[in-house]
1. Would you check which residues across the range 227-251 are surrounded by 17 or more Cβ atoms within 10 Å (Cβ to Cβ) and in a helix (DSSP H, G or I) and list them?
2. Filter the range 107-122 down to the residues that are of a type outside the set (A, V, I, L, M) and over 18 Å from the mean Cα position of the chain (by Cα), then identify the one that is surrounded by the most Cβ atoms within 10 Å (Cβ to Cβ).
3. Please specify each residue of the range 41-62 satisfying the condition of being crowded, with 20+ Cβ neighbours inside 10 Å, touching a Ser or Thr at 6+ places or on another chain (Cβ under 9 Å) and part of a loop (DSSP other than H, G, I, E, B).
4. State whether the residues of the range 85-106 include one that is open to solvent by 30 Å² or more (accessible area, probe 1.4 Å), aliphatic (A, V, I, L, M) and closer than 30 Å to D194 by Cβ.
5. Specify the residue that is surrounded by the fewest Cβ atoms within 10 Å (Cβ to Cβ); the eligible residues are those in the range 63-82 that are hydrophobic (A, V, I, L, M, F, W, C) and over 16 Å from the mean Cα position of the chain (by Cα).
6. Can you name every one of the helices (runs of 4 or more DSSP H) wholly within the range 119-219 that holds 1 or more residues which are of a type in the set (S, T, N, Q) and without any contact (Cβ under 8 Å) to a residue 12 or more places away in the chain?
7. Answer yes or no: is there a residue in the range 274-284 that is under 20 Å from V4 (Cα atoms), touching a residue at least 60 places away in the same chain (Cβ under 8 Å) and out of contact with any strand residue (DSSP E or B) (no Cβ under 8 Å at 6 or more places or on another chain).
8. Applying the selection to the range 123-140, what residues are open to solvent by 20 Å² or more (accessible area, probe 1.4 Å) and of a type outside the set (K, R)?
Amino acid sequence: MKQVWDRKYRPKEMEDYIFQSSEHKHQIESYINGSVALPHLYFTGHRGTGKTSLAHLLANKMGVADIDFLEINASLNTSIDDVRKTVTSFVQTIALESEFKIVFLDEVEGLSEAAQKSLKVLMEKHSDNVKFIFATNHPTKVLDELVSRICRIDFKSLDVEDMTEKFAIILEKEHVKVTNISIIDDYIKHCYPDFRSLLITAQSNVRDGKLKPLTSQVGGSTKLMVNVLDYIENDKWDEARERLSAAISDSEWEECYRFLYDYLHQIGKFVDTSKGKKGIVIISDHLFRHATVADAEINFTACLI
């Protein structure tokens, strides 16, 4: 089945990752080889510069099993009740298949002040069994009393040459032809320094094995639908409906159904074979109705629910 490139090519080995500098690489290596104890970490910087990828890479190289790794999009789970229900229950038990657990909270600035304060207590109480990794694009919105207890790593703009080289390697692996090298340069300039956006934009504009020249319209609906996958995972129907209704034209709804069909298996709750099959049947039913319904947005929202 198809895979979204930004997830398919999430680095699993050190050589696959674009580090900020040699010092940055040395710091991460010291955690992995055990010469420095892994502290709680705080990643700040522009979206798409490798914060999420590094959290997963660290977990993978330090032998943290999936069952001992909790990832939360904090902008979708913002309240103290969310923290108590999800994070607290996770950290109160010992690691099942690993030396320790990791809690990765992406977009941590989205948490309420009360929720951020509760994390401070959890970090101190469970530091022997759990390591916290926070990531944010807006560090000024995170409480000082929380970040003062964490090792901060700033993510700045990626090196253009490294970004171009990695992009070219992925295009080659996907057997995508480029008729002119300037096309790659245009995509880099358009998306820089967001490597995730680069992959999403490029994948949505491959036709018949060739990368289309960049236009002002590229990448819109596909990039949005990648975000919708996260909304589905977290049962955020209102957010999905609002984002889609504001950005999707009447002619693009069928593409949304096709995207769901192609990438449903990447949503955690549909990994189970039986649930995945039921999901495909639901997509099919609502796509069939799409041709006759009075309101395509309501029909698609019903499909998500």
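1. V228, L229, Y231, I232, A240, R241, L244
2. The residue in question is Q116.
3. Scanning the range 41-62 gives G48, T49.
4. no
5. Ranking the qualifying residues of the range 63-82, first place goes to I67.
6. 181-191
7. No, because not a single residue in the range 274-284 is under 20 Å from V4 (Cα atoms), touching a residue at least 60 places away in the same chain (Cβ under 8 Å) and out of contact with any strand residue (DSSP E or B) (no Cβ under 8 Å at 6 or more places or on another chain).
8. Matches in the range 123-140: E124, H126, S127, D128, N129, N137, H138, P139, T140.
The values are calculated or read from the model by the stated rules, or taken from the named source; none is laboratory data. Worth saying up front: this structure is predicted, and the values here are computed from it rather than measured. Ideal geometry is used to build each Cβ from the backbone, glycine not excepted, and the neighbour counts take in all protein chains shown. These area figures cover heavy atoms from the full protein model, side chains too; ligands, DNA and RNA do not enter into them. Shrake-Rupley method; radii C 1.70, N 1.55, O 1.52, S 1.80 Å.
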